[in-house]
Amino acid sequence: MPRVLGQLSAALTLAAILAPLRAAPEADADKEARPVSAALGLKLGVIPPVLVAPELVVHAPHLFLGVFAIVTGGGLGEGGDRLTLGGELGYEFARPGRSTPYLLGTILHYEAAQSASIYSEEAEILSLTAGYEWKERHLELQLGAGVFFLLRDQIKRVPCTGWFCPGFSLPPYVPFPAFDLSVRYGF
């Protein structure tokens, strides 16, 4: 099931990116008048374990709500599947359809399934960023920076016996630098 979700999310992202970038002029005029729009693309940032995930964003006047998720296999220590789920809520300073500065809060859950070497991990991260979002006809580019806080990191592993131990823990509630980059196709 996790592999099917990963393949489905990759297929949806690819379909949105490869969709024709030229729409009929009346459709673009319609989009300008619509207060609610959606966009599908890729989000890059503090997203364990791979730093990038497919993302769906819905824009409303001055607000946007996004979700992203990714399922990968082959975790540390001959591990099982890894899952990341996230949600974001942002404030845009300009009216719909215009390039704008933004403020963004993101929360995500990461989980690495228990592996043959008795390794598993669960983490929750809160990220607060500010930046700018460029919006063209169908293309959205979002770039920002800020801080992230590790709210919870629970690692379970066998005792270390060599010079390398899989996984490490960051101290909770300490701010760390964060960045935010998204490329999306708006429709």
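Summary table below
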{"quantity": "Rough spin-label spacing in nm, given labels placed 7 Å along Cα→Cβ, for residue 152 and residue 173", "calculated": "1.5"}
{"quantity": "Fewest-first sequence of 59, 109 by Cβ atoms within 10 Å of each Cβ", "calculated": "109, 59"}
{"quantity": "Segment residue 103-residue 134, extension gain: residue separation times 0.36 nm, minus the distance between their alpha carbons", "calculated": "9.8 nm"}
{"quantity": "Nitroxide proxy distance, nm - points 7 Å out along Cα→Cβ at residue 91 and residue 50", "calculated": "3.4"}
{"quantity": "Charge context of residue 173, other residues only, Cβ under 14 angstrom, K/R +1, D/E -1", "calculated": "-1"}
{"quantity": "Extension gain (nm, one decimal) between residue 65 and residue 113, 0.36 nm per residue minus Cα-Cα", "calculated": "14.5 nm"}
{"quantity": "Relative exposure of 132, 185, judged by other C-beta atoms within 10 Å (fewest first)", "calculated": "132, 185"}
{"quantity": "Environment charge at residue 44 (Cβ cut-off 15 Å; Lys +1, Arg +1, Asp -1, Glu -1)", "calculated": "-3"}
{"quantity": "Nonlocal amide H pairs with residue 178, under 5 Å, H built at 1.01 Å", "calculated": "146, 147, 148"}
{"quantity": "Note, ³J(HN,Hα) from phi for region 177-187, Karplus 6.51, -1.76, 1.60, rounded to Hz, x at Gly and Pro", "calculated": "x, 9, 10, 9, 9, 9, 10, 9, 9, x, 9"}
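We did not get these values from a lab; they are worked out from the coordinates using the rules stated. Keep in mind it's a predicted model, so treat the numbers as computed, not measured. Don't worry about glycine lacking a Cβ; one is built from the backbone with ideal geometry, like all the others, and counts go over all protein chains shown.
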